[in-house]
Amino acid sequence: MTDLLFKNAKLVDPEAGTVTTGAIAVSDGQISGIITDGSDLPEARETVDCNRKHLAPGIVDIGVKVCEPGERHKESFGSAGLAAAAGGVTTMVTRPDTDPAIDNPETLEFVIRRAREAAPVNVLPMAALTKGRLGREMTEISFLLDAGAVAFTDCDNVVTDHKVFGRALSYARSLGALVLGHPQDPGLSAGAAATSGKFASLRGLPAVSPMAERMGLDRDIAMIEMTGARYHADQITAARALPPLERAKANGFDITAGTSIHHLTLNALDVADYRTFFKIKPPLRDEEDRLAMAEAVQSGLIDVISSMHTPQDEESKRLPFEAAASGAVALETLLPAAMRLFHADQIDLPTLWRAMSLNPAKRLGLDSGRLAVGAPADLVVFDPHAPFVMDRATLQSKSRNTPFDGARMQGKVLQTFVAGRSVYQRS
């Protein structure tokens, strides 16, 4: 007998690129059957009637910041795990930009233990590429891999020493390790709070040209060509960075790229009232860039959509725009924000789930992110049409610095399952 049966569902299949009516059977935490042809449904110990709502693979979110160790008051594994479950995120791939940085096996083991104890969803940690994320000496990549690191990154601390970066990439390649880069020229982007242009000038904000991203990506592509490393660009946000990305892929380099949900759904004009919840890194771009990112996701040039969940406390945000900390929470808003793209006919549902679930899972070598027999039963039931007004006071995160506060949105997560076990149900 099947353990769990989802019936009367609209199945979003990112591999097949389809949305079909059907049912999914789950046994021992894995998908054991997919019924789409009207066949008789198997008997089950528990049945979930989806009432013609959508059922999709759980989101695999690369680049989540959980502030343990060091800043637990901003976000803990417990609060981040609850936020992820409420947002349909079944796997968080966490960043190492903590205090101290996750740059040694002991700190990594602490993080893995805390995540296992506190989070109701899967947590896969990344480790720092260089010690202290200072760009001077590479970490013990082999030991960190053995301890459970799934990738290596210094996050927004760009390694400027080409020799150090090259050594780290070469060593990572010899071990088959994935390296995440942050394409930015750090000299040009230092101190920037907005994207350069007439708007930033009128607002008196220190700004950076989108060419800083293009220059950073060009440098990283050259290093990939030199070393043959596996590389993922964490955020591509500027249209000028797309041509070199396309050329690198055409040349057969082992490169993928992501973008954040904020850069897909917001633009530079949203900072007009100096609302610091809109201050993120890289800064929000022009509308032309936003549209180019959406088109790149739809075409497959950009592989991954992530939340880039970055909690900041009230004290670091209630400051003048230039002085405020960068970052926004997005675990719970990722899915409803993505529905903006769906309702605007910019990206269809299978493509969204290809970028939010299938592609990140494939890049990390996971079996999740797909509707297939034998895949983990990490699933989300959602209604893409359900309207609501975002109230940041209702968020599960300890920090509530969302730019969508007060926004009218569509798309609610109804229930989230990890290995066939319900970890969230909307009341």
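The values are calculated or read from the model by the stated rules, or taken from the named source; none is laboratory data. Since we're looking at a predicted model, the values are computed, not measured. Please note: Cβ atoms are built from the backbone with ideal geometry, for glycine as well, and neighbour counts cover all protein chains shown. Please note that ligands, DNA and RNA were not included when accessible areas were found on the heavy atoms of the full protein model with its side chains. Shrake-Rupley method; radii C 1.70, N 1.55, O 1.52, S 1.80 Å.
Some points to look at:
- Average accessible surface area per residue within the range 308-372, 1.4 Å rolling probe, Å²: 33
- Sequentially through the range 21-31, phi angles give Karplus couplings (6.51, -1.76, 1.60; θ = phi - 60°) of 7, x, 9, 10, 9, 10, 9, 6, x, 10, 5 Hz, Gly and Pro residues having no value and appearing as x.
- Sites ASP254 and LEU188 - FRET efficiency at Förster radius 41 Å, r taken between beta-carbons, to 0.05: 0.90
- Stretchable slack from GLU314 to GLN425, in nm (0.36 nm times residue separation minus alpha-carbon distance): 37.1 nm
- Cα-based helix-to-principal-axis angle, 77-86 vs the chain, degrees rounded to 10: 60
- Exposure of TYR274 as accessible area (Å², to 10), given a probe of 1.4 Å and all protein chains: 100
- Dipole of the range 135-248, positive direction: furthest Cα of GLY187, SER170, ALA147, with charges on the beta-carbon: GLY187
- Gyration tensor (alpha-carbon) shape descriptor, the range 340-386, a/c threshold 1.5: oblate
- Around the amide H of ALA257, modelled in the peptide plane, lie the amide H atoms of ALA233, ASP303, VAL304, all under 5 Å away and 5 or more residues distant in sequence or on another chain.
- Considering only GluC sites (Glu not before Pro) in DSSP loops that have at most 13 other Cβ atoms within 10 Å, the longest stretch of the chain without any of them is 138-427.
- Length gained on full extension, ALA393 to ARG113, computed as 0.36 nm times the residue gap minus the Cα-Cα distance: 97.9 nm.
- Total charge dipole magnitude, the range 50-196, about the Cα centre, Cβ charges on Lys, Arg, Asp, Glu only, Debye to nearest 20: 440
- Look at the dipole of the chain built from charges on Cβ: of GLY197, LEU395, VAL121, the Cα furthest out on the positive end belongs to GLY197.
- With 19 Å as the limit on Cα-Cα distance, the pairs of LYS65/LYS412; LYS74/LYS362; LYS53/LYS412 that go past it are LYS65/LYS412; LYS74/LYS362.
- Computed with a 1.4 Å probe over protein heavy atoms only, the accessible surface of the range 220-267 comes to 32 Å² per residue.
- Under the combined filter of DSSP loop state and at most 14 neighbouring Cβ atoms within 10 Å, the range 218-295 retains these trypsin sites (Lys or Arg not before Pro): ARG275.
- Quarter of the Cα convex hull surface for the range 330-408, i.e. its orientation-mean projected area (nm²): 6.4
- Based on C-alpha pairs under 8 angstrom that are at least 6 apart in sequence, the range 316-380 has a relative contact order of 14 percent.
- Available extension along the chain between ARG203 and GLU295 is 30.2 nm, counting 0.36 nm per residue and deducting the alpha carbon span.
- Surface composition of the chain: carbon plus sulfur atoms hold 47% of the accessible area, using a 1.4 angstrom probe and ignoring ligands, DNA and RNA.
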